[in-house]
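Trainee: Pasting a structure here, questions to come.
The values are calculated or read from the model by the stated rules, or taken from the named source; none is laboratory data. Since the model is a prediction, treat every value here as computed from it, not as a measurement. Every residue, glycine among them, receives a Cβ derived from its backbone with ideal geometry; neighbour counts consider all protein chains shown. Surface accessibility is based on the protein's heavy atoms, side chains included, excluding ligands, DNA and RNA. Shrake-Rupley method; radii C 1.70, N 1.55, O 1.52, S 1.80 Å.
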Amino acid sequence: VRRAKRERINNTKALKRFMKKQLTSWKLKNPKIETVDIDVPGDITYALYRAGIIEDPYFAMNYKNAEWIAYDDFTYEKSFDLEEKYFADESIKLVFEGIDLFAEIELNGKKLGKTDNMFKRYVFDVTDCVKNKGNLLKVYMTGTKKVMQSIDYGDLFGTFNLQRILLRKTQCHFGWDWAPDLCGYGIWNDVYIESGSKYFID
């Protein structure tokens, strides 16, 4: 019994070694619009509607007036500080639980990587580039439909929309018998800084 109790205490201590800082409130930029606030998790179309730039895309045929969004590029920006306690750990990681869809990620001028699958979790080791003060995180989003136009589909066949079938993305975002052609776009799941042991069992 004593041994089991001791193991539980040790396991609890180990779990507490992993610290997490959520990155929620961002800025969204695009040449056609002024800088607007955007929540993460969230969606670009909804942020533009909330900012009064587009009308409600779910009312009548307004979604047709929002089609340009999925062809345009947008930039997410987030400034943040990181408390000293995070730097006491072996490793600091930047985690994206979901990005929809094509993006390049940069922290303090260092390119971390690209995304092309909205269902994947992307993890970047930022131990060597994150700072205590004045971090600037940028996510350069490339218009999903703009990328779709450059893909060669050969002799493939698809219903409703041919271009969608090679994208790792929710398929009904391009219209369905029950859904409008309203392409989801943006950082749709949590983003956070996580510090802890360099190696761990997930």
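Trainee: Of everything in the stretch 46-87 that's free of Cβ contacts under 8 Å to residues at least 24 places away in the same chain and either open to solvent by less than 50 Å² (accessible area, probe 1.4 Å) or small (Gly, Ala, Ser) (or both), which residue is nearest to Arg121 (Cα to Cα)?
Mentor: Leu48
Trainee: Continuing with this model, one more query. Return the residue satisfying two criteria in turn: it lies in the stretch 157-178 and is among the aliphatic types (A, V, I, L, M) and at pLDDT 85 or above, and of such residues it is farthest from Met61 (Cα to Cα).
Mentor: Ranking the candidates gives Leu166 first.
Trainee: Return the total of residues in the stretch 95-111 being open to solvent by 10 Å² or more (accessible area, probe 1.4 Å), touching a Cys at 6+ places or on another chain (Cβ under 9 Å) and not charged (D, E, K, R).
Mentor: 2
Trainee: Follow-up. For the stretch 7-126, which fully contained strands (runs of 3 or more DSSP E) count at least 1 residues that are under 30 Å from Trp178 (Cβ atoms)?
Mentor: In the stretch 7-126, 25-30, 33-39, 74-80, 91-96, 102-107, 110-115 are the strands (runs of 3 or more DSSP E) which contain 1 or more residues that are under 30 Å from Trp178 (Cβ atoms).
Trainee: In the stretch 112-126, how many residues are touching a residue at least 40 places away in the same chain (Cβ under 8 Å) and buried (at least 16 other Cβ atoms within 10 Å of the Cβ)?
Mentor: 2
Trainee: Also, quick follow-up: Tally the residues that are assigned to a loop (DSSP other than H, G, I, E, B), open to solvent by 60 Å² or more (accessible area, probe 1.4 Å), touching a helix residue (DSSP H, G or I) at 6+ places or on another chain (Cβ under 8 Å) and within 22 Å of Ala103 (Cβ to Cβ), restricting the search to the stretch 127-170.
Mentor: 1
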